[in-house]
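See structure below.
The values are calculated or read from the model by the stated rules, or taken from the named source; none is laboratory data. All of these numbers come straight from a predicted model, not from anything done at the bench. All Cβ positions, glycine included, derive from the backbone under ideal geometry; neighbour counts span all protein chains shown.
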Amino acid sequence: MAVDNQHKLYSESKEDWEQVRDCLAGERTVKSKGELYLPKLSGMTDEDYTRYKKKVHFFGATARVADGLHGAVFSKPPQVIGDMSGEFSETLKDVDLEGTSLLQFSSDVIWDAMMTNWGGILVDYSKDAEKVSLAEAKAKGYGAFMKWYPAEYVINWRYGLVKGRERLVLVVLKEPYAEAAPTDIFSEKAYTRYRVLRLEKNPDGSYGNYIQEVYDEKIGLKSPSDSAIEPVMNGKRLTFIPFYTVPGKLPEKSMLLDLSYMNIGHYQESADYQNGKQYTSIPTPYATNVSLEIDESTKKPIPVHIGGTKFLTFNNETGAPIHVGFLEFTGSGMNALKDGINLTESQMAILGAHIITAEKKGVESAAVAGIHRAGENGVLGAFARNTTEQITKAVRCFGEWNGYSEAIMSEFDYQLNTDYDLSENNASILSVLLQGRQAGEFPKIVLFRFLKKLQAIPEDWDFDMFLEETDKDTVKVEPLILDEPKEDDEPEENNEGGIEESTPEEDE
């Protein structure tokens, strides 16, 4: 087989990936695909179809949901666990040798993998870095780096038993690139390169060292374009492929795929509705038992125009009574189309995990709301946890390859947020906690934990700092104590029997 041979799961999934990506790209992309997403109605000319397509808008429900899901994962900053040196923290500010921080890299991975539920992180090493010392490599910006390959670029793979465990033994990565055209510096010519990552086979059938081979379309795909690359980590050949599939071992259905199908269906139903409105909402004038005047030069009926203040008259050669009126649509056909659109929008709201749904008119019980959100959080939470695990493995390999000890890297752990509590009762709960705190019914630690969960206090505050800051801002009001008058301190009476008042001058 050729190097560009595709895995069966890749071939089965790529149309789904394309559809989800098109829905996220929006109206311009969806419309550019023409009849793939909006079939031409029977009897339509190309001109009719163009008008049919222009009248409808694509509702970007899938993109809005994706934005919400991505925002939920990064609503709290990822947690980095481990005793990381300051130098390694600086290394994590550029994980791809292009200035991308680990935070931005993980955000990009989550966003892209969310669409397809497949892709991978390759940890590799600059060729030039192996020719110089580690210090010189760092000074020149060489070293290990991480690179994300979207689903469409991971075209083939195979697992095998390596020392009794199932491991990747082959990965084929597609790498499109472009070069300036030989005869025109202002244009480019596109090519494709295939990077093969594999474990060599030993004479006894076991798997050995890791090698890379590159096949370039510009040169030919029958054999590698150069000699095999034999990556070395800290002076030793690798016995594993440093490629980490996200979020799992194999492609699975995207969490956005079902929503994208509903989104396309909504687009088609909206097109039919808009098209129907065009023909049914505008009354059409008609006249019976009338023969139109003939143009002598063309021998064709002269069109009758409506509008203006002139009364139109017609020739009547039949002698039958003339009736003039307007054709107007009656019936339930348009209502059926509208009801179908409303149903589709409701289904999209359910699939969209309340991110695109309109405010409910009724009251959803707390139990039902909890069940809905538990399911949604389960899907997104599992995705985030699996992706977190693969990012952690990739960073550990990246760190070791950049000269940090295995002991230090084994302590590293990167955890994305998996707490997506979308409860609408937070304000009520906070009110109860504050009232209970004032009444002395709740300890301060309960209030601290809830405020921390709501991100209402800084992320780096611990409980002691919370107490310290609240004590600073507490306004202490001393109780007002009135002195009891003494028995012999009787007020003096004036000559009229009233209380004698002193003047300001007397007070001084």
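Hey, does segment 273-289 have a residue that's at pLDDT below 85 and touching a Ser or Thr at 6+ places or on another chain (Cβ under 8 Å)?
yes
Can you pull out the helices (runs of 4 or more DSSP H) entirely within segment 1-75 that have at least 3 residues that are surrounded by fewer than 14 Cβ atoms within 10 Å (Cβ to Cβ) and not hydroxyl-bearing (S, T, Y)?
The helices (runs of 4 or more DSSP H) meeting that bar are 8-25, 46-54.
Just to be sure I understand the filter: pairs with C-beta atoms under 8 Å, separated by 6 or more residues or on different chains, first member in segment 4-29 and farther than 21 Å from W111 by Cα, second member of a type in the set (S, T, N, Q). Which pairs pass?
D4/T192; N5/N156; Q6/N156; H7/N156
Please tell me if E252 is more than 30 Å from Y159 (Cα to Cα), under 39 Å from the mean Cα position of the chain (by Cα), at pLDDT 85 or above and charged (D, E, K, R).
When the stated conditions are applied, E252 does not pass them.
Quick check on my filter: what residues within segment 83-135 are modelled with pLDDT under 80, surrounded by 13 or more Cβ atoms within 10 Å (Cβ to Cβ) and assigned to a loop (DSSP other than H, G, I, E, B)?
M84, V132
I'd like the full set of residues that are free of Cβ contacts under 8 Å to residues at least 24 places away in the same chain, of a type in the set (S, T, N, Q) and part of a strand (DSSP E or B), limited to segment 169-198.
Residue satisfying the conditions is S187 alone.
Pairs only if they're at least six apart or on different chains, beta carbon under 7 angstrom, first in segment 251-274 and assigned by TED's automatic domain parsing to the domain that holds S13, second among the hydroxyl-bearing types (S, T, Y) and surrounded by fewer than 20 Cβ atoms within 10 Å (Cβ to Cβ); list them, first residue then second.
From segment 251-274, the pairs are A271/Y52.
Go through segment 180-222 and give me each residue that's surrounded by fewer than 18 Cβ atoms within 10 Å (Cβ to Cβ), among the hydroxyl-bearing types (S, T, Y) and within 29 Å of R237 (Cβ to Cβ).
Passing the criteria: T192, S206.
Kindly evaluate K300 against the criterion of being within 30 Å of L41 (Cβ to Cβ) and free of Cβ contacts under 8 Å to residues at least 24 places away in the same chain.
So K300 fits the description; yes.
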